[in-house]
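I have placed the structure first, in the form of structure tokens, so that the comments after it can refer back to it.
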Amino acid sequence: MRKVYLDHVATTPLDPRVLEVMLPYLREVFGNPSSLHDWGDEPRQALEMARGQVASLIGAQPQEIIFTGNATEANNFAIKGLALAQQDKGKHILVSAVEHFSVLNAAKTMGKLGFEVGQVPVDKHGLVNSEEVKRRLRQDTILVSVMHANAEIGTIEPIAEIARVVKETGAVFHTDATASTGAIPIKVTELGVDALTMAANQFYGPKGVGALWVRRGVRIMPLLDGGIQEGGRRAGTEDVAAIVGFGKAAELAQEEMSARLEHLVPLRDHLIQGVASRIEHSILTGHPTGRLPGHASFCIEFIEGEAMLMLLNAQGVAASSGSSCTSRALKASHVLTVIGLPPEIAQGSLVFTLGRSTSREDIDYVLKELPLVVERLRQMSPLFAKFVKAQKGGK
Amino acid sequence: MHPRNVGEIENADGVGEVGNPVCGDMMSFYIKVKDDRLTDVKFKTFGCGAAIAVSSMVSEMAMGKTLDEAMAITNQSVAEQLGGLPKNKLHCSNLGADALHKAIEDYRGKKGQGAKAKGG
């Protein structure tokens, strides 16, 4: 049976070239980079080389990169650390309504600690309007966080435009670029941001390592106290192998970005067009054109997401969904809710995220299997039965 | 996943509907009754894999039973028949038994009205 992995936004497979450079640091080059003896030298150098590679991917300075355990940690670090560092200037934090939980919940926690959190709404495509940000900025706003691209609906936010508006105040501007780093070109100076989150496992690097970029001169309070690793900003013995892998993945992403885009975009569009033409009562969620290159997210009416994932999985296809049943909290995706989708439509969420290994044959296979899955579930659905009856009645 | 008894019954003797699409789970049960026994049970489900499995299992457990036996089918017995359900999916098992019971109550209600109409 054909196996088609279309859940790259969850994680990507490790590039063999990345694994290659990581191995020595899991074997003979095992030293702690903080050690003063010879065993610490090579790991220390490797760390700094990786730092340079990651910085280069986003057009930043190496010393501005702080390695973390993942994007969630980087987001927590950003929200809590930046707010706490600027709290003498004010207590107001602004986040967009479509942020990842690691941003929303970190902000919520700050709300319980005496800060005030406001949310910027989005339009039906999930786009943040800079005017909406401006309207909500206050004298005492110290931190604004808007993600660069959304993992659930693929929409790419107008960060540079929003940055212009934020710059008129003294607030620090953070962007969660977990879904976009390595996929689309990023230059932090062009984006106009002060802090940026990224994770290696989104672009063929290892899990367990992420980074927060913080522009030189911006104050941030450490999340993890302890030793003085990462320039005193993130304590803890570094996962050297993972960081080395992160660096290599970043280097490859930078070198191969155009080629990857050229490969992904036509396949994504083929999938989007294919679903639109083969499956009635399906909608594309997120912005139709301003979206991540490998991202195709839909809502399929009258049926439920987890059931679709199960049937697709039985046919060897891996995808994701924002329905209630696919969340451990049994709550439908907040992103689908805030873009104004009726709840029963949101339950039919189906998200495909393509990657380097995805072929045209893979997409054609999905386009063959998905309509069968949808048909089967619609035959079982009381909602579909009602709809059909209503249509017949109308005639 | 091969659920049995998917469908509707035209002129069903009883219909029971529970849940709502907003929550992500909705089940409709249709029954045919003869001599106090369920001669046919069909269902339609909008919901996750567990919801579909539960409604299928309920329909199989209920087929051929007397109405009282069918009313005795509980959420726990359904979950047991399925070999257990993950904790966060137990609510799906609630819906299945409830929908069946609602269909039976619908039938009994109609029957009762019929009996009253006959001047009982």
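The values are calculated or read from the model by the stated rules, or taken from the named source; none is laboratory data. This structure is a prediction, so every number in the text was calculated from the model and none was measured. As a convention, Cβ positions derive from the backbone with ideal geometry for all residues, glycine included, and neighbour counts pool all protein chains shown.
Given the criteria closer than 25 Å to A:GLU306 by Cα and among the aliphatic types (A, V, I, L, M), does B:VAL33 qualify?
Spelling it out, it is not the case that B:VAL33 is closer than 25 Å to A:GLU306 by Cα and among the aliphatic types (A, V, I, L, M).
Could you list, in sequence order, all residues of segment A:307-329 that are crowded, with 24+ Cβ neighbours inside 10 Å and at the interface with chain B (Cβ under 7 Å from one of its Cβ atoms)?
Answer for segment A:307-329, where residues must be crowded, with 24+ Cβ neighbours inside 10 Å and at the interface with chain B (Cβ under 7 Å from one of its Cβ atoms): A:ALA307, A:SER323, A:SER324, A:CYS325.
Within segment A:110-218, which strands (runs of 3 or more DSSP E) (wholly inside it) include 1 or more residues that are among the small types (Gly, Ala, Ser) and modelled with pLDDT of 95 or more?
Answer list for segment A:110-218: A:116-120, A:141-145, A:195-199, A:210-214.
Return the residues of segment A:268-285 that are acidic (Asp, Glu) and within 20 Å of A:ILE345 (Cα to Cα); say none if nothing qualifies.
Selection gives A:GLU280 alone.
Being more than 12 Å from every other protein chain (Cβ to nearest Cβ) and touching a residue at least 40 places away in the same chain (Cβ under 8 Å) is the filter here, so list the residues in segment B:39-53 that pass it.
Result: B:VAL41, single match.
Mind checking which residues of segment B:54-78 are closer than 30 Å to A:GLU301 by Cβ and touching a residue at least 24 places away in the same chain (Cβ under 8 Å)?
Within segment B:54-78, B:VAL54, B:SER55, B:SER56, B:MET57, B:VAL58, B:SER59, B:GLU60, B:ALA62, B:VAL78 meet the criteria.
Can you run down the residue pairs with Cβ atoms below 6 Å, 6 or more apart or on separate chains, where the first is in segment B:3-25 and farther than 11 Å from B:PHE43 by Cβ and the partner is modelled with pLDDT of 85 or more and surrounded by fewer than 17 Cβ atoms within 10 Å (Cβ to Cβ)?
B:ASP13/B:LYS32; B:VAL22/A:PRO343
Residues in segment A:1-17: is at least one outside any helix (DSSP H, G or I), under 27 Å from the mean Cα position of the chain (by Cα), surrounded by fewer than 16 Cβ atoms within 10 Å (Cβ to Cβ) and small (Gly, Ala, Ser)?
Yes.
Within segment A:339-380, can you find the residues that are more than 14 Å from chain B (Cβ to nearest Cβ), of a type in the set (Ser, Thr, Tyr) and crowded, with 24+ Cβ neighbours inside 10 Å?
A:THR353 - this is the single residue of segment A:339-380 that is more than 14 Å from chain B (Cβ to nearest Cβ), of a type in the set (Ser, Thr, Tyr) and crowded, with 24+ Cβ neighbours inside 10 Å.
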